[in-house]
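For reference, the structure discussed in these notes is given below.
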Amino acid sequence: MTNRCKVEKGPLKIAIFGAGISGLAIAHQCVKQGFEVAIYDKEMSTGGKCRGTVIDGKVHELTHRQLFAKNHHLINFLKEIPSSTGSCLDSIYPQNRVQFHWGKKNKTMQFQRLYFKGIDKLLDDAKSAYSMMYSQVSLIDILWFKKQIQSDHNPSELLKKTVSEFFEYQTRPSLAAFLQPVLLGWIGCTDDTPALSVLDLLNNKIGEFHPDAPQAYSLGIREPIGDAIITPLTHYLREKGVQFYLGHELRALHSNNKKTRVDYVELKDNDPVKADFYVLALPAHVTQSLLGEVSKTLDYRYVFSHGFQFHFSSMPEILKDKTVGLVLDSPWGLSYHITTREEGNVCLSVTATDLDKAMGVMYLKPVFECNEEEVRDELLAQLFDELSLLDDPTYEGFYIGLGAKIVNKNEAETYYSDWFIGPPIRNEDGDRRYWIVQHALTQPTSQSQFPLVVEHYSNVFLSGEYLYDPKQKWRVPVTLERCIETANLCMEHLSIKASLLATEVV
């Protein structure tokens, strides 16, 4: 009989590619397991699409964020990350009111978002129904819609059914006309998005709420997300020993001869990276190009969305009744958020969606075909059906949010070749310029079931907002909860493989 003994190894080495919120979240889980962690990203800063900061007292961000009291994974995660005030959860506040806004009709409908008691819920539901009637949705379709979102459905079937099929867009055009801008402005939802992905979003007042959440269904972040979450999270991970290699882009995965595992990863500067396990927390198209034939095809739609900021020295009269909301009659899928700084500065942050397709109301062209002044005017026209804010004595300026620029052709090709580049536009001198956008929203279609594990490679795992796992509870894409839950599920898969490698039998 052969004697066998266990030989203890050192900490398992985990290489994570992508320093966005998904990569940082999986790094946090790995640290808790005692693993040795290194994070690589082609950018010189962390955060990915979760960017935002305050400069000279003024908010500058890629987009504003909304979350929910039922986002258990996210809230637990924020509680674990220390910040200057205690934890990152301290930056979350209750959005007591959210709004539907019709710019062309100059109407704002307020919705209460504190926890309901008794008749309050009935009143809010009635107000929701009235907002649909105001948008000329028939009463029959309103009642059908309410029943449709609250009935029990088979989750596996709804994962394969599109939003347009589930809500019968073809035969209920007035309902479709109401829902499309709401879902587009909220999460960048397309007609091909799985129906299951939006049901929990629409039923955000139903379900089990996190006991530590602020007392409201809808929650916001006081500071831009970079300052509130990304910066303290990055600092915390560094303190825990995580090594960051920024400015290092992944070039290729090199497997063994049997293609059963990855032996090492090649970076663009040709340096090899060797680890026990590799986690790809990268954009969908990058992940798919790296995995090639060894993985399922990811079927998705890119939705271009970006935030723009209007700054004021104090609160303009027209904004005094505004908080956070959606513009229902905007072709650009607008959402907005009002932030007041301690210094008295006010920021109207507007996120426009479908930048490359939706036609504006003033200039009848998409964002990518407008110059900066035209975008500014379009945003105000679609929000308020007028441009009077530009003449308000409190107005200080309009700014393109982080992660988007207008540059000339040489700059676009030389410095931003991996950004999304729009069609040429002309400036006042007739020179050609181009919109470039660093990030786009990844919307999986109902055909996509891209898993967290790579079947052919035993030591490669995936994390990201667009991935699928049977255990997922929150399937709303391009949301923070989706990112954190996916990272947690990715960690479950990785832990199973790690337990087998923790010791070797000789």
Practice item. Measure out, as a whole number of angstrom, how far apart the alpha-carbon centroids of the range 158-177 and the range 130-154 sit. Key: 12 Å
Exercise for review: Rounded to whole Hz and in sequence order, give me ³J(HN,Hα) for the range 146-156 from the Karplus expression 6.51 cos²θ - 1.76 cosθ + 1.60, θ = phi - 60°, writing x for Gly and Pro.
Suggested key: 4, 5, 5, 7, 9, 7, 6, 10, 6, x, 5
Check your understanding: Which ³J(HN,Hα) values, rounded to whole Hz and listed in residue order, are derived for the range 175-185 from phi using the Karplus coefficients 6.51, -1.76 and 1.60 in 6.51 cos²θ - 1.76 cosθ + 1.60 with θ = phi - 60°, glycine and proline given as x?
Key -> 5, 4, 4, 7, 6, 4, x, 5, 6, 5, x
Exercise for review: May I ask for the angle, rounded to the nearest 10°, between helix 480-501 and the longest principal axis of the chain, with both axes built from Cα atoms and the value confined to 0 to 90°?
Suggested key: 10 degrees
Check your understanding: By the scheme Lys and Arg +1, Asp and Glu -1, what is the net charge of all other residues having a beta-carbon under 13 Å from that of ASP125?
Key -> +3
Point to revise | Long-range HN-HN contacts of LEU219 with modeled amide H, under 5 Å | key: LEU67, PHE68, ALA69, GLN95
Check your understanding: Which peptide among 382-392, 17-27, 487-497, 111-121 comes first, and what is the full order, when sorted by highest mean count of other Cβ atoms within 10 Å?
Key -> 17-27, 487-497, 382-392, 111-121
Exercise for review: Per residue of the range 79-91, in order, report the coupling 6.51 cos²θ - 1.76 cosθ + 1.60 (Karplus, θ = phi - 60°) as ³J(HN,Hα) in whole Hz, putting x for Gly and Pro.
Suggested key: 5, 8, 9, x, 9, 5, 9, x, 9, 5, 5, 5, 7
Practice item. Before rounding to the nearest 500, sum -39500 (n - 2.57) across all DSSP H runs of length at least 4 in the chain and divide by the residue total; then give [θ] at 222 nm in deg cm²/dmol. Key: -8000 deg cm²/dmol
Practice item. Grab the other residues whose beta carbon is less than 11 angstrom from that of VAL59, score K and R as +1, D and E as -1, and report the net. Key: -1
Exercise for review: Round to the nearest 10 and give me the degree value, 0 to 90, for the angle of helix 21-32's Cα axis relative to the longest principal axis of the chain.
Suggested key: 40 degrees
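Relative contact order, percent, of the range 145-196 when contacts are C-alpha pairs under 8 Å separated by at least 6 residues?
Values: 41 pairs, mean separation 24.2, N = 52.
About 47 percent, as a whole number.
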Practice item. Can you give me the three principal axis dimensions of the range 407-506 from its C-alpha atoms, in Å, biggest first? Key: 72, 35, 22
Revision key, fill the gap. Once Lys and Arg are counted +1 and Asp and Glu -1 for all other residues with Cβ under 15 Å from that of ASP263, the total becomes +3
Review point. In whole percent, what relative contact order does the chain give with Cα contacts below 8 Å and a gap of six or more residues?
Key: 24 percent
Review point. So in the chain, what percent of DSSP beta bridges are antiparallel if you round to the nearest 5?
Key: 75 percent
Exercise for review: Provide the convex hull volume over Cα atoms per residue for the range 116-202, in Å³.
Suggested key: 100 Å³
Exercise for review: First check a/c for the chain, with a ≥ b ≥ c the square roots of the eigenvalues of its C-alpha gyration tensor; if it is under 1.5, answer rounded, and if not, answer prolate when a/b is larger than b/c or oblate otherwise.
Suggested key: prolate
Review point. Against the longest alpha carbon principal axis of the chain, how many degrees, from 0 to 90 and to the nearest 10, is the axis of helix 372-384 turned?
Key: 60 degrees
Exercise for review: Please work out, to two decimal places, the log10 of the ratio I(q)/I(0) at q = 0.10, 0.11 Å⁻¹ from a Debye calculation in which every Cα of the range 302-437 carries one identical scatterer.
Suggested key: -0.34, -0.41
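What does the charge dipole of the chain about its Cα centre add up to, to the nearest 20 debye, if the Cβ of each Lys and Arg holds +1 and the Cβ of each Asp and Glu holds -1?
The dipole magnitude comes to about 1520 debye.
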Point to revise | 19 Å Cα-Cα reach of LYS146 towards lysines, excluding residues that sit fewer than 8 places from it in its own chain | key: LYS121, LYS127, LYS161, LYS205
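The numbers here are math on the coordinates, done by the rules we state, and not lab data. This one's a predicted model, so the numbers in the text were calculated from it and none came from an experiment. Reconstructed Cβ throughout: ideal geometry from the backbone, glycine too, with neighbour counts over all protein chains shown.
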